[in-house]
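K.L.:
I have a structure here, written as structure tokens, and I will follow up with some questions on it.
The values are calculated or read from the model by the stated rules, or taken from the named source; none is laboratory data. Predicted model only: the values in this text are computed from it and were never measured. Here the Cβ is made from the backbone with ideal geometry for all residues, glycine too, and neighbour counts use every protein chain on show. Heads up: the accessible areas ignore ligands, DNA and RNA and are worked out on the full protein's heavy atoms, side chains in. Shrake-Rupley method; radii C 1.70, N 1.55, O 1.52, S 1.80 Å.
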Amino acid sequence: MSRVAIIGENSIEYIEKLLEIWNAGDCAVLIDRKTPLGTAHEMIMEAAVHKCYIEEHIFKKCENYLPTNIELSPFKCTTHSATVLKKEIYEKYRDNYSSNEALVIYSSGTTGKSKGIILSHYAISTNANAIIDYMKPNCNDCIYIVKSLTHSSTLIGELLVGLKSNAKLIVAPTIVPPRHIVGNVKEKKATILCLNPMLLSLISEYVIQNKCQFSFLKKIYVSGSILSDKTYERAHYAFKNIPIYNAYGLSEAGPRVAVQRDDCCKNNSVGKPIKGVELILVDKQGSPVKKGSCGIIHINTKSQFLGYISGNEKHKSLYHGWLNSGDVGYIDERDELHIVDRVDDVIVINSHKIYPSDIENQILANLPFNDCAVVPFKNGNRCYIGCLYTTNIEVKDIRRQLMNVLLPYEIPEVFFRSDFMPRTINGKISKNNIQKILQKEVRGRIKDGNYKR
């Protein structure tokens, strides 16, 4: 077995190269086309890649930056719009349940360097089957793929699901405005749409403003990061008669872990475990927590990853060797899972636990914010809670509003308006970069002698 990298935009040719790698018995290393050249070089070398398929126009821009000791194979992308997957490509797909490496997926890198996650054919095939079990796609369905195929949720939860179930697949470029996505969904008669919270928010606003109607769309699945209550409510208002199911997972788990279904989609939970998955929430000592109490989510699944390309698991198992997700959540009275935050993001002040996602939820619910991120950060030995936001509002007005909904110690000490929200190449908010921005802001205020709490 060799590792073969692919760098390119979503396309028919991209999928053909992926299947070619698998059918040759090799492992596909998926590198997002937006990855900085230096980082892509590091990933290729770290994964000991033997060969790299790279989209032709990308190759022309960066051939001098890629390793010279591997075979570089440029390929043409003939379509740059939403395209139906041809029947011949379905015929190239072969079911595989071996323990051999199938994929190396790079993590989102929200808090630092991306890690190469190794998944076996057995893991991704088993997980795709469990997704089919609840999604129930068939040959009359049409899945519209708009997120990058370098994401595990897209490649396994959409592409692999479509190939296995023989559902019609529409492959679309990833960087297009909401009007194009909505137009294609309607034109191509898509029945299933999978989005991340950011895309769901953008598309929902477009649908509301333009009073769009959908004749064929049957259901929407949303995953990738925590869904805010504001986006949840706006999406349900936009797609009034179309079910929206929130889902949860992580690449290390193959990736899908839990999802809402018809019997558990009445609030902003992520539903219940999918087929073949067990969950338990524990404290830092590994003892199970009571229902309704926050705990660290541990997962027992046959789709667990094989390991990382380099380094060890950041979060050691606290419960019988089950996968420690690094996420904090709780189980409600309906036995539905709610995601609260990442373990690393929890802030402790005077023995009080503060969850940044809760603060973000309150800010988005009570202020006309389009986007915000709350993070802990340090300046010297001093710890702060900071908020980066993108709306033009005076800080004094923000504080006045938050005094009515947050406890004094929950209100961020530092607010900073930015023209953009830093994101990783996978589209997730880059908390690492936000911390650096806020640190720089505080140092500047202290230097100028005008720092105020």
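K.L.:
Quick check: the distance between the Cα centres of region 380-409 and region 237-264, to the nearest angstrom?
P.N.:
Cα centroid to Cα centroid, the span is 31 Å.
K.L.:
Let me ask something additional. Out of the total accessible area of the chain (probe 1.4 Å, heavy atoms of protein only), what percent is carbon and sulfur?
P.N.:
Carbon-and-sulfur percentage of accessible area, whole number: 47.
K.L.:
While we're looking at this one, here's another question. As an exercise, identify the trypsin sites (Lys or Arg not before Pro) in region 334-413 lying in DSSP coil whose Cβ has no more than 15 other Cβ atoms within 10 Å.
P.N.:
Answer in residue order: Arg334.
K.L.:
Next up: Rank-order 233-240, 84-91 by packing density, defined as the average count of other C-beta atoms within 10 Å over each peptide's residues, highest first.
P.N.:
233-240, 84-91
K.L.:
Let me know the whole percent of all Cα-Cα pairs from region 285-347 that are separated by more than 16 Å.
P.N.:
Distances greater than 16 Å cover 51 percent of the Cα pairs.
K.L.:
With the other protein chains left in place, how much accessible area per residue, in square angstrom, belongs to the chain at a 1.4 angstrom probe?
P.N.:
Each residue of the chain exposes 46 Å² on average to a 1.4 Å probe.
K.L.:
So what are the ³J(HN,Hα) numbers for region 180-194, from phi and the Karplus equation (6.51, -1.76, 1.60; θ = phi - 60°), rounded to whole Hz, Gly and Pro as x?
P.N.:
In residue order, the calculated couplings are 5, 4, 4, x, 5, 4, 6, 5, 7, 6, 5, 10, 10, 10, 10 Hz.
K.L.:
Give the lysines reachable from Lys266 as a straight Cα distance under 18 Å; neighbours fewer than 8 places away on the same chain don't count.
P.N.:
Of all the lysines, those that pass the test against Lys266 - Cα under 18 Å, at least 8 places apart if same chain - are Lys218, Lys219, Lys230, Lys240.
K.L.:
Same structure, new question: Which percent of Cα-Cα pairs in region 203-255 sits in each 10 Å bin, short to long?
P.N.:
Taking every Cα pair in region 203-255, the percentages come to 22, 49, 22, 6.
K.L.:
How much solvent-accessible surface does His80 expose, in Å² to the nearest 10, with a 1.4 Å probe and all protein chains in place?
P.N.:
About 140 Å², rounded to the nearest 10.
K.L.:
Exactly which chymotrypsin sites (Phe, Trp or Tyr not before Pro) in region 405-442 are in a DSSP loop and have at most 15 other Cβ atoms within 10 Å?
P.N.:
Listed in order of number, the matching sites are Phe420.
K.L.:
Output needed for region 111-215: three equivalent-ellipsoid semi-axes, defined as square roots of 5 times the C-alpha gyration tensor eigenvalues, in descending order, whole Å.
P.N.:
Taking √(5λ) for each eigenvalue gives 25, 19, 10 Å, largest first.
K.L.:
Okay, next question. Calculate the all-directions average of the projected area of region 100-147's alpha-carbon convex hull, and give it in nm².
P.N.:
With every direction weighted equally, the projected area is 4.8 nm².
K.L.:
How big is the C-alpha Rg of region 283-405 next to the rule-of-thumb value 2.2 N^0.38 Å, as a ratio?
P.N.:
1.28
K.L.:
Turning to a different aspect of this structure: Rg and Dmax of region 337-394 over Cα atoms: what are they, in angstrom?
P.N.:
Cα only, region 337-394: 12.5, 37 Å (Rg, Dmax).
K.L.:
Quote the charge dipole size of the chain about the Cα centre in Debye, to the nearest 20; the model charges only the Cβ of Lys and Arg (+1) and of Asp and Glu (-1).
P.N.:
Charge dipole of the chain: 780 debye, to the nearest 20.
K.L.:
Translational diffusion coefficient of region 32-159 at 37 °C, 0.692 mPa s, Stokes-Einstein with Kirkwood Rh over Cα pairs, in µm²/s as a whole number.
P.N.:
Rounded, D is 194 µm²/s.
K.L.:
Continuing with the same structure: What trypsin sites (Lys or Arg not before Pro) does region 114-222 have in DSSP loop regions with at most 10 other beta carbons within 10 Å?
P.N.:
Sites meeting the loop and neighbour criteria: Lys211.
K.L.:
Largest first and in whole Å, give the semi-axes of the chain's equivalent ellipsoid, each being the square root of 5 times a Cα gyration tensor eigenvalue.
P.N.:
Semi-axes (√(5λ), whole Å): 35, 26, 24.
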